[in-house]
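A quick write-up on the structure given underneath.
The values are calculated or read from the model by the stated rules, or taken from the named source; none is laboratory data. Keep in mind it's a predicted model, so treat the numbers as computed, not measured. Note that we place each Cβ from the backbone using ideal geometry, even for glycine, and neighbour counts take in every protein chain shown. SASA here: full protein model, heavy atoms, side chains in, ligands and nucleic acids out. Shrake-Rupley method; radii C 1.70, N 1.55, O 1.52, S 1.80 Å.
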Amino acid sequence: MSQAQPRPCGPAPVAPEASTGRPPELLRLPGGLRLHRRRSTHAAALNKAVRANLDHLRPWMEWAAEAPTRARTTELTRAGTAAWEAGTDFMYLAGLDAEPGRVVGAFGLHGRIGPGALEIGYWVAARHVGRGIATSAAGALTEAALALPGITRVEIRCDQANGASAAVPRKLGYRLDRVAEAAVRAPGETGRQLVWIMER
């Protein structure tokens with residue numbers, strides 16, 4: 001899992017950089033997988049998915065330390081809608097045609113790493129891990145990000161101990177740029193963050 005919410009580790013965040021373009025609101029991928037823009041109407045389904053996956057997410061996600069209330073999830077989805085409109089962050093939910101209405105993962109393009117770049121964050125529900133969902137979705141988001149005006153670099157960051165997350169950029173042909181020191185804010189973290197880069 002990469003950081004699909006506000007970053008729980010790493011250097012002090014940079015003020016989000018606004019993009020003049022917008023990625024597609026819906027991405028249809030092989031195997032009946034789809035990424036759709038996250039909206040406030042998705043709060044109930046997202047809250048249910050997060051609560052069902054807390055044990056799976058807790059080692060790597062600071063925000064998974066405790067179960068979110070429905071009100072908190074609604075607040076976050078509203079903030080995500082505002083960020084999309086502002087062009088700083090683009091939040092998606094993953095779903096499968098075979099399981100309508102169910103959230104099987106969350107993905108985002110985040111403008112928190114400086115000008116000309118977006119960072120991909122993601123998590124996939126425990127029962128869907130190992131099916132290629134993260135790789136397929138991150139690949140589609142990489143293409144969408146690099147197609148935006150002014151975006152020349154995409155990054156994926158994850159803790160060194162998170163082998164499943166690191167496999168995603170490796171499979172997609174990202175280059176491991178560096179291992180950075182980072183604050184430890186989740187139980188599974190080592191404080192060594194892998195920074196993977198794909199450039200246009």
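Tabulated values for the structure
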item: Hydrodynamic radius of region 7-104 per Kirkwood, over alpha carbon pairs, in Å; result: 14.8 Å
item: Length-normalised contact order for region 27-138 - Cα pairs under 8 Å, 6+ apart - percent; result: 26 percent
item: Relative intensity, log₁₀ I(q)/I(0), of the chain from a Debye sum that treats every alpha carbon as a point, q = 0.10 Å⁻¹; result: -0.36
item: DSSP loop GluC sites (Glu not before Pro) with at most 16 other Cβ within 10 Å excluded, longest remaining stretch of the chain; result: 67-200
item: Residue-normalised accessible area of the chain, given per residue in Å² at a 1.4 Å probe; result: 44 Å²
item: Förster-model FRET efficiency, 30 Å R0, T152 and V129, C-beta, rounded to 0.05; result: 0.45
item: Kirkwood hydrodynamic radius of region 45-93, from inverse mean 1/r over distinct Cα pairs, in Å; result: 11.6 Å
item: Computed Kirkwood radius, in angstrom, where 1/r is averaged over Cα pairs of region 129-172; result: 11.3 Å
item: Helical mean residue ellipticity (222 nm; -39500 (n - 2.57) per DSSP H run of 4+; nearest 500) of the chain; result: -8500 deg cm²/dmol
item: Region 78-125: radius of gyration over Cα atoms, expressed as a fraction of 2.2 N^0.38 Å; result: 1.29
item: Per residue, the convex hull volume that the Cα atoms of region 25-68 enclose (Å³); result: 110 Å³
item: Cα→Cβ-extended label distance, 7 Å offset, between E85 and V184, nm; result: 4.2 nm
item: P(r), alpha carbons of region 82-200 - 10 Å bins starting at zero, rounded %; result: 13, 43, 36, 8, 0
item: Mean shadow area of region 147-198, taken as a quarter of the surface of its Cα convex hull (nm²); result: 4.1 nm²
item: Solvent-accessible area, 1.4 Å probe, carbon plus sulfur percent, for region 107-200; result: 52 percent
